[in-house]
Amino acid sequence: MTRATALGAALALLLGLSAAGGVAARADHQTSPLLWHPQTGLSGPVAPSAQATLVRRSDGVSFSIRTQQLRPHHAYTVWFVVINNPSACAATPCSGPDIVLNPNTDSQVTYGAGHISGGSGRAGFAGSFQAGVIEGWLPEGGLWDPMTAEIQLVLNDHGTMLPAFMPEMTHTYRAGCTDASLPGFFPDSAKADGTPGPNACQLYQAAVFQP
């Protein structure tokens, strides 16, 4: 190999490593504590080790949750909440009414994951979404810029697992839930997502990721 060829190969390798480093640099890893949702009447972090992680890339996001103090043998779903324009929210982080009722926030709410909790009350959830249109509660919603959107992950407790309502209880918003236990301002698309049931359901835990 000539000196010029070797130099060219070294330069190509360097540029390749730089390009790979550039791709890695565009991934943004965030960690957030799991907090009690106000519907529980509790406040603050669930536990020091209860955390969620969000990985942002220009073409989408992925998330993982490791939490505890879930009610044993209850059905839980995770709701992936996107606020594309958080500056339009009246509060920080964006509140439920801002997300659902204020079109200027350009938001979407969709199913992220779900399963039945075990006897320990500990559980993990994970999911991912590509940038673009996402079907969910709100019309024409999506994830337009993964790097600048506010992302919220909200756990919904559907109550004790009811075999007659499975697998809906881990795949829809309101399966197993009474009408009275659903927030009144939620859209009809959410309230119709699943078969009504006898359980008093409750938004239970949440993690928030600011851009």
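The values are calculated or read from the model by the stated rules, or taken from the named source; none is laboratory data. Since the structure is predicted, the reported quantities are computational estimates derived from the model, not experimental observations. Note that each Cβ is placed from the backbone with ideal geometry, even for glycine, and that neighbours are counted across all protein chains shown.
Any residue that is within 18 Å of PRO211 (Cα to Cα), out of contact with any helix residue (DSSP H, G or I) (no Cβ under 7 Å at 6 or more places or on another chain) and either outside any strand (DSSP E or B) or among the charged types (D, E, K, R) (or both) - is there at least one of those in region 112-131? So far as region 112-131 goes, yes, one or more of its residues are within 18 Å of PRO211 (Cα to Cα), out of contact with any helix residue (DSSP H, G or I) (no Cβ under 7 Å at 6 or more places or on another chain) and either outside any strand (DSSP E or B) or among the charged types (D, E, K, R) (or both).
A single entry from VAL100, VAL154, VAL133 fulfils the requirement of being surrounded by 19 or more Cβ atoms within 10 Å (Cβ to Cβ) and either farther than 21 Å from PRO187 by Cα or more than 13 Å from the chain's Cα centre (by Cα) (or both): VAL100. Hey, could you check region 112-130 for residues that are touching a residue at least 60 places away in the same chain (Cβ under 8 Å) and not hydrophobic (A, V, I, L, M, F, W, C) and say which is surrounded by the most Cβ atoms within 10 Å (Cβ to Cβ)? Filtering first and then ranking leaves GLY127.
Taking (1) at pLDDT 95 or above; (2) of a type outside the set (Gly, Ala, Ser); (3) part of a helix (DSSP H, G or I) in turn, THR5 satisfies each apart from (1). Just checking, does region 160-173 include any residue being on the phi > 0 side of the Ramachandran plot and either in contact with a His (Cβ under 8 Å, 6 or more places away or on another chain) or exposed (fewer than 15 other Cβ atoms within 10 Å of the Cβ) (or both)? Within region 160-173 (the criterion being on the phi > 0 side of the Ramachandran plot and either in contact with a His (Cβ under 8 Å, 6 or more places away or on another chain) or exposed (fewer than 15 other Cβ atoms within 10 Å of the Cβ) (or both)), the answer is no, since none of the residues qualifies. The residue that is nearest to ILE151 (Cα to Cα), counting only those in region 169-211 that are among the aliphatic types (A, V, I, L, M) and in a loop (DSSP other than H, G, I, E, B), is LEU182. The condition (being charged (D, E, K, R) and touching a strand residue (DSSP E or B) at 6+ places or on another chain (Cβ under 6 Å)) is satisfied by just one residue among ASP157, ASP179: ASP157. Within region 136-151, if we keep just the residues that are of a type outside the set (A, V, I, L, M, F, W, C) and surrounded by 18 or more Cβ atoms within 10 Å (Cβ to Cβ), the residue that is nearest to HIS115 (Cα to Cα) turns out to be GLY136.
For the residues VAL109, VAL61, VAL55, the requirement of being surrounded by 20 or more Cβ atoms within 10 Å (Cβ to Cβ), over 15 Å from ALA206 (Cβ atoms) and touching a strand residue (DSSP E or B) at 6+ places or on another chain (Cβ under 7 Å) singles out VAL61.
Could you identify the single residue in THR40, THR53 that is modelled with pLDDT of 95 or more, within 14 Å of the chain's Cα centre (by Cα) and of a type outside the set (Gly, Ala, Ser)? Exactly one of THR40, THR53 is modelled with pLDDT of 95 or more, within 14 Å of the chain's Cα centre (by Cα) and of a type outside the set (Gly, Ala, Ser), namely THR53.
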